[in-house]
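Peer 1: Could you have a look at this structure, given as structure tokens, before my questions?
The values are calculated or read from the model by the stated rules, or taken from the named source; none is laboratory data. Predicted model only: the values in this text are computed from it and were never measured. FYI the Cβ positions are ideal-geometry reconstructions off the backbone, even for glycines, and counts take in every protein chain you see. When the accessible area is computed, the model is the full protein with side chains, heavy atoms only, and any ligands, DNA or RNA have been set aside. Shrake-Rupley method; radii C 1.70, N 1.55, O 1.52, S 1.80 Å.
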Amino acid sequence: MNQSQVSRRNFLKGAGMLTGAAALAAMTGCAPNGGEAAATVTSENIEWDHEADVIVCGGGGGLLAACDAADAGSSVILLEKAASVGGESSVNEAWINGSGTSVQKAEGVQDDAQTEAADYAANHAAHINNIDQELLADYCANSGAAIERLIELGCEYKLAQDTMFYTTVPRAHLLQPNASAWGSTLGKAAEDRGVEIMTSTPLTELVVNEAGEVVGVKSGDKAFKAKKAVILATGDVSGNERMKSKFQPDWASIDACIPTNTGDGLFAALSVGADSSFDQFTAVGPCLMFEPRGSVVVYYQVLKGLIIVNKDGKRFGNEDDTTTLAGLQASQPEGAGFMVFDSRVAAISRRPDCPVSEINAHVIAGECAELGLLSGIGPAYLDDYLAEDIAVEADTLEGLAEACGIDAAGLAAQVQAWNAAVAAGVDEEFGRNMTGALQFGEMVGIEQGPFYALKLKAPKWMCSEGPNLMVNTDMSVLDVEGNPISRLYACGAGMVSGTATLYANTCGDHMGITAYSARRAAERAVALETWEA
């Protein structure tokens, strides 16, 4: 277990071994909606309002779990807190990673689980000994099958040119036309399979029997009997204002990507003794995005020498720190920012003329790099942004300023100062790293036309990568002694510990883990015998 993911088990060993609701209240005081941690509800004398073999709580990754459970012959009820299904799975960059897929083969890409696992090892060499090797191997062995299952359910994918994530072959699959297809496609697939979907129905408590098995859930005064198992897929805790204030105060004013993600599944599981990665609270977003379509800015061009200026033509922060810069942008004139660079940065931002399967070799050779992630396209190059009228090209800085509405004199003065900083190798204004761009060579100034600019926006949203529930490769939720809690499973990148355990902090890995964990949870849940009161 890596040090950034200390479990509640270890925390409790140094805190008098509190368990359940008492431990939760002592550690956080951050139960959903500002309330106290839920007490354990037993099945004695409970009157069930609804029942099914499997109860799925959460309609993001939970949709896939529901489809798999239904196709295995189980009756399924899916409870969704929001007014519609989809969750964070329907509002991301729409990537999912997987190896050995039909989509890869159609593009001439040869890939397999062993290659995928080796790429993880190479990407995270400094941390590989801390990664759950069993979970990693199982994830890689099943990532491609998860994508094939999604295709079977009606999702359409194209292979993205995912060179930015140091994979040896393209492995990221881009959902068409965008992430919203997750909710619409899988929602329909679930309904077609007889899954009963109840929206505006939040999980409030888990129900256990005398043997300590999780046998149902409550939503307010309604009780739902799970004859086989409960699957938690309620997402992260980014909508929990008290948790943000406690663990990430700098983000307290940032809206959650999904406001209803307040940690309902996490807190309910903790109240029945579950273990968690309680010290991890990684906020994702806001980050620099391109106007008019949301797209994440990548790092190669920053290291190569681009600058980010406001409408006055002035830099307003360290371009190395895009998260802080995004926050600073809100206070700039009209809240605007512009990424500015010359033909030398542009030269490494062009897509090579080759098949998708060969792009990675050009990146490794230092010949090209994506400019960013473009919604609906995936890893995008300068020509993509020009074709979409997102990037501006001009022969002179004055022409660039005029086209973008930037003060021409201010931009000229800033470029002169930046060029001097590059020549000196020191950014006295903001302390930026001036060491250059890895295989792309030394940093350059802004001197050689044509010149380019892309307008930036600073979106105000966030999601989190923890705390989350500790699970095994069955996706069984583990208690503080590392034992599975009977009949309780979890899935989703915001719900289970796999995201951090695998260091899967890149686009595609989150959805990969979501799909993998959803399928595994459903597989194990439906295999159980029904319980009797």
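Peer 1: Here are some conditions: (1) modelled with pLDDT of 80 or more; (2) over 28 Å from ASP71 (Cα atoms); (3) crowded, with 22+ Cβ neighbours inside 10 Å. SER143 meets all but one. Which one does it not meet?
Peer 2: Of the numbered conditions (1) modelled with pLDDT of 80 or more; (2) over 28 Å from ASP71 (Cα atoms); (3) crowded, with 22+ Cβ neighbours inside 10 Å, the odd one out for SER143 is (2).
Peer 1: Of all residues in the stretch 89-104 being open to solvent by 50 Å² or more (accessible area, probe 1.4 Å) and within 20 Å of the chain's Cα centre (by Cα), which is farthest from SER184 (Cα to Cα)?
Peer 2: Per the stated criteria, the residue is ASN92.
Peer 1: From GLU80, GLU152, GLU107, which residue is touching a Leu at 6+ places or on another chain (Cβ under 6 Å) and open to solvent by 10 Å² or more (accessible area, probe 1.4 Å)?
Peer 2: Within the list GLU80, GLU152, GLU107, the selection yields GLU107.
Peer 1: Residues in the stretch 270-280: is at least one at positive phi and modelled with pLDDT of 75 or more?
Peer 2: For the stretch 270-280, residues at positive phi and modelled with pLDDT of 75 or more: present.
Peer 1: Moving on. Go through the stretch 194-221 and give me each residue that's part of a loop (DSSP other than H, G, I, E, B) and acidic (Asp, Glu).
Peer 2: GLU210, GLU213, ASP221
Peer 1: Going through the stretch 206-231 one residue at a time, which ones are in contact (Cβ under 8 Å) with a residue 12 or more places away in the chain and open to solvent by 50 Å² or more (accessible area, probe 1.4 Å)?
Peer 2: Listed by number, the residues that qualify are GLU210, ALA211, LYS222, LYS227.
Peer 1: Since THR435 meets every condition but one in (1) within 18 Å of VAL340 (Cα to Cα); (2) in a loop (DSSP other than H, G, I, E, B), which condition does it not meet?
Peer 2: Of the numbered conditions (1) within 18 Å of VAL340 (Cα to Cα); (2) in a loop (DSSP other than H, G, I, E, B), the odd one out for THR435 is (1).
Peer 1: Do we have THR168 as at pLDDT below 95, surrounded by fewer than 18 Cβ atoms within 10 Å (Cβ to Cβ) and of a type in the set (Ser, Thr, Tyr) here?
Peer 2: yes
Peer 1: Continuing with the same structure: Please work out which one of (1) assigned to a loop (DSSP other than H, G, I, E, B); (2) buried (at least 20 other Cβ atoms within 10 Å of the Cβ); (3) of a type in the set (A, V, I, L, M, F, W, C) is the condition ALA346 fails and give its number.
Peer 2: ALA346 satisfies every listed condition except (1).
Peer 1: Let me ask another. Does the stretch 66-74 contain at least one residue that is modelled with pLDDT of 95 or more, over 18 Å from HIS510 (Cα atoms), open to solvent by less than 10 Å² (accessible area, probe 1.4 Å) and out of contact with any strand residue (DSSP E or B) (no Cβ under 7 Å at 6 or more places or on another chain)?
Peer 2: Yes, the stretch 66-74 has at least one match.
Peer 1: Is it the case that some residue within the stretch 309-332 is modelled with pLDDT of 95 or more, out of contact with any Pro (no Cβ under 7 Å at 6 or more places or on another chain), aliphatic (A, V, I, L, M) and within 25 Å of MET462 (Cβ to Cβ)?
Peer 2: No, the stretch 309-332 contains no residue that is modelled with pLDDT of 95 or more, out of contact with any Pro (no Cβ under 7 Å at 6 or more places or on another chain), aliphatic (A, V, I, L, M) and within 25 Å of MET462 (Cβ to Cβ).
Peer 1: Sticking with this structure for a sec: Which condition from (1) crowded, with 22+ Cβ neighbours inside 10 Å; (2) at pLDDT below 95; (3) not hydroxyl-bearing (Ser, Thr, Tyr) is the one that ASP138 breaks?
Peer 2: All conditions pass for ASP138, except number (1).
Peer 1: Okay, moving on. For the stretch 284-335, enumerate the residues that are in a loop (DSSP other than H, G, I, E, B), charged (D, E, K, R) and open to solvent by less than 20 Å² (accessible area, probe 1.4 Å).
Peer 2: Within the stretch 284-335, just GLU319 meets the criteria.
Peer 1: Looking at (1) open to solvent by 20 Å² or more (accessible area, probe 1.4 Å); (2) among the hydrophobic types (A, V, I, L, M, F, W, C); (3) in a loop (DSSP other than H, G, I, E, B); (4) at pLDDT 90 or above, find the lone condition where CYS507 falls short.
Peer 2: With (1) open to solvent by 20 Å² or more (accessible area, probe 1.4 Å); (2) among the hydrophobic types (A, V, I, L, M, F, W, C); (3) in a loop (DSSP other than H, G, I, E, B); (4) at pLDDT 90 or above applied to CYS507, the lone miss is (4).
Peer 1: In the stretch 441-495, which strands (runs of 3 or more DSSP E) lie fully inside it and hold 3 or more residues that are hydrophobic (A, V, I, L, M, F, W, C) and open to solvent by less than 20 Å² (accessible area, probe 1.4 Å)?
Peer 2: Because the criterion is at least 3 residues that are hydrophobic (A, V, I, L, M, F, W, C) and open to solvent by less than 20 Å² (accessible area, probe 1.4 Å), the strands (runs of 3 or more DSSP E) in the stretch 441-495 that meet it are 451-457, 484-490.
Peer 1: Shifting gears a bit: Find all pairs meeting these conditions: Cβ atoms under 8 angstrom apart; at least six residues apart or on different chains; first residue within the stretch 382-403 and without any contact (Cβ under 8 Å) to a residue 40 or more places away in the chain; second residue buried (at least 16 other Cβ atoms within 10 Å of the Cβ) and among the polar types (S, T, N, Q).
Peer 2: That search, which allows pairs on different chains as well, returns nothing.
Peer 1: Please note which strands (runs of 3 or more DSSP E) are completely contained in the stretch 354-401 and include at least 3 residues that are open to solvent by 10 Å² or more (accessible area, probe 1.4 Å) and in contact with a strand residue (DSSP E or B) (Cβ under 9 Å, 6 or more places away or on another chain).
Peer 2: By residue number, 391-394.
Peer 1: Can you pull out every residue in the stretch 232-256 that is at pLDDT below 85 and open to solvent by 30 Å² or more (accessible area, probe 1.4 Å)?
Peer 2: SER245, LYS246, PHE247, GLN248, PRO249, ASP250, ALA252, SER253, ASP255
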